[in-house]
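Values in this text are rule-based calculations from the coordinates and carry no lab data. Since the model is a prediction, treat every value here as computed from it, not as a measurement. Positions of Cβ are generated from backbone atoms using ideal geometry, with glycine treated the same way; all protein chains shown enter the neighbour counts.
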Amino acid sequence: MADPAGGGLIAMAEARDVVVLGGGPAGSTAAILLAREGWKVTLLEKERFPRFHIGESLLPFGNTLLKDLGIWEDLVQGGFTVKPGADFHAGDGHGMLRSDFSRFLGEEFGRTFQVDRASFDHLLLRKAGEAGAEVREGTRAEVVELGSGGVRVRAHGESGAEDYEARWLLDCTGRDATVGRHLGLPKSDLGMAKKLAVYAHFRGVRRNEGAWEGNISIVRLEGGWFWIIPLREGITSVGLVQPMARFREAGGEPREVFERACTGSPEMRFRMKAAERASDWHITSDYTFRHHRTAGARWILCGDAAGFIDPIFSSGVRVAMESAARAARLAGRCLKEGRGLSASEQADYHRKFVRMTGAFLRMIRMFYDNHGFEVFINASGLLGLQRAVVDVVGGNTEPSWGVKWRQELFFAICRLQRWVKFAPRLPLFTAAARARAAAEA
């Protein structure tokens, strides 16, 4: 493989302009935008769509890009569940915060959608083909060579080995992180504990009533949390996320831990009383990471291939699509000028990716801190600070100064809550702490 700094020129005999690895939201977004500009784009996707995937709750600050891609009306007409907000519950039933998007974010960002990813991702992939990209499903990239003049990809498709040459490569392979793995790029877990998620689709889950039926519901436990995402046709996605240490401590199969956690939470017992599982169980582990480098002379990492932040605020699709759109703009500009990314442009892309994911990461750290969560769930009654929360929950990674100062005040109160009771103590944590201390005595 060529040096990751871009050394070595790869011959470009009848090269494509761009090879995109991965056909999820990031890959399809990049392919659509580049193909529309007239560039010759080939997208390689290892699976055949449609296929199951999680990350089913969109964020309203992604609406503008959905409209630019021409997919918004497909979502409206396709019967996808409208998401007007997000609810956060204490698992013992004592405490709830509702984030009403239209109240705080205005009409443009007042709603978005819950999507089954099999349909959503397939819709985006078809849009990429319609825009003019060559879409090759069932084709896995196996060897990547990177040079200052272009890239070469050795892939394995349904007819055997295939070679692809291009001037540019965008890695949108999700947590497979094809380029990062091939280059051995260093990465960090950002100081977050390793976690495991166990999840499935269900019928008969108790949803919110009335106008709020489409809200995602997050149920906080003493040592983890559940998501409840209402999808179309009566299906609800339900998942449990806990530190791996908690799963090991609990013992048994992950699905058994899921069931016991449901039984142990009054809120989840109420929600799942009549639920029947409608899919296989799925497990995902070791969530959070971010590469220390996300771009080179002729390559850019997008979305989960660059880094994945804990899913509590449903940031995955938002980060994937926005970073891919930014990468497509950069690649398109460089293609017009016949050059690769300069060192300063590489650093700027990385800084913006860190800032985008960091906006979520800061709120995520607060959510996992028991004292911080006490402030979070009572934000509606604290100095009008709910706007600081709703902007992040809605996916705004570049807030105005009027929101920023509220966020800084909010985080300061979260830190002080350990010593000064700004918000009521939650029985969920005090009772759990007493029970744990008694068990360990």
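Computed values, structure above
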quantity: Alpha-carbon Debye profile of segment 369-427, log10 I(q)/I(0) at 0.21 Å⁻¹; calculated: -0.75
quantity: Cβ-based exposure ranking for Phe367, Phe313, Phe270, in which fewest neighbours within 10 Å come first; calculated: Phe270, Phe367, Phe313
quantity: Footprinting exposure proxy for Trp281, Trp401 (fewest neighbouring C-beta atoms within 10 Å first); calculated: Trp401, Trp281
quantity: Kyte-Doolittle mean at least 0.0, axial Cα span of 18 Å or more - DSSP H helices of the chain; calculated: 316-337, 401-416, 427-440
quantity: For the chain, with +1 on Lys and Arg beta carbons and -1 on Asp and Glu, the positive-most of Gly149, Thr29, Phe61 along the dipole; calculated: Phe61
quantity: Summed side-chain charge close to Leu330 - residues other than Leu330 whose Cβ falls under 12 Å, Lys, Arg +1, Asp, Glu -1; calculated: +4
quantity: Exposure proxy ranking, count of Cβ atoms within 10 Å, fewest first, for Val19, Val241, Val390; calculated: Val241, Val390, Val19
quantity: Tally of Lys pairs whose C-alpha atoms are under 22 Å apart, taken over the chain, 8 or more apart or cross-chain; calculated: 8
quantity: Sequence-distant residues sharing a close amide H with Lys83 (under 5 Å, placed H); calculated: Thr112, Phe113, Gln114
quantity: Highest-MSF residue in the chain out of Gly251, Gly55, Gly78 [GNM, Cα springs under 10 Å]; calculated: Gly251
